[in-house]
Amino acid sequence: MRRELSEQELHNLAMNIVGRELEADGYEFMAINSKLKKNPQYVCLKEKILHFIVVRNVEFPQDPRDYDEVLMQTVKEHAVKFEAKAYFAGVGLSNASDRNLPLYLDEEYIVDYQGLIEIE
C-alpha cells in the first residue's frame, strides 16, 4: 500500500541531502536540529568559521532558491552575534513518475538542490 511522506519525513529527506553534501565538503557538524520550524537546522564549522544553515523542503513547482526573507534576516542577525555566516538550502523534491503527485515511501523522487545560498 502506498503511503505519502509526512511533512517531517520530507524535511528529514531534505536535511539528509544537504547534510551529505556538507559532510563531503568538509563541514564539521556542531549542532543538528531536525525539528520542523526550528532554525537553523545545521550549525557547522569550516575553516574556523561558523555557518548557520536553514534547510527547507520546497514543493514542486516552487523554486527551491526562493526563501522567506524575513526568516532569513532573523537567522542572519542571530548568526552575526556569533560571527557566523548564514545560508539557505532549499531542496526541491518531486515525485519521479508525476511531479504533481506527492512523494510516497519507497518510490523514486527527483531532487532539485543547487547548493547553499549565502544571506548577505
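Compared with the dominant Cα axis of the chain, that is its longest principal axis, helix 69-81 is turned about 40°. Only the Cβ atoms of Lys and Arg (+1) and of Asp and Glu (-1) were treated as charged; on that basis the dipole of the stretch 75-114 about its Cα centre amounts to roughly 360 debye.
The ranking of Leu93, Leu105 from fewest to most other beta carbons within 10 Å of each one's beta carbon is Leu105, Leu93. Using a cutoff of 8 angstrom between alpha carbon atoms and counting only pairs six or more residues apart, the relative contact order for the stretch 7-118 works out to 22 percent.
Think of each Lys and Arg Cβ as +1 and each Asp and Glu Cβ as -1; about the Cα centre, that makes the dipole of the stretch 1-45 roughly 280 debye. The value given for the stretch 7-118 is a Kirkwood hydrodynamic radius of 14.4 Å, derived from the mean inverse Cα-Cα separation. The Cα center of the stretch 1-52 and the Cα center of the stretch 96-120 differ in position by 15 Å.
Assuming charge only on the beta carbon of Lys and Arg (+1) and of Asp and Glu (-1), the dipole of the chain about its Cα centre is about 420 debye to the nearest 20. Which residues among the stretch 1-32 fall inside the zone where the amide N is under 16 Å from a point 7 Å beyond the Cα of Ser97, along Cα→Cβ? Hits in the stretch 1-32 for Ser97 at 16 Å: 1-5. Enter the angle in degrees (range 0 to 90, nearest 10) between the Cα long axis of helix 7-24 and the first principal axis of the Cα atoms of the chain, meaning the one along which they spread out most. Approximately 50 degrees, to the nearest ten. Which Cα, out of Ile117, Asn33, Ala96, lies furthest along the positive dipole direction of the stretch 7-118 (beta carbon charges, K/R +1, D/E -1)? Going by the charge dipole, the pick is Asn33. Within the shell defined by Cβ-Cβ distances under 12 Å, the residues around Ser94 carry a net charge of -4, with Lys and Arg each +1 and Asp and Glu each -1.
Values quoted throughout were computed directly from the atomic coordinates according to the rules given, and no laboratory measurement underlies them. Here the structure is a predicted model, which is why all the values come from computation and not from measurement. Virtual Cβ from ideal backbone geometry, glycine too; neighbours counted across all protein chains shown.
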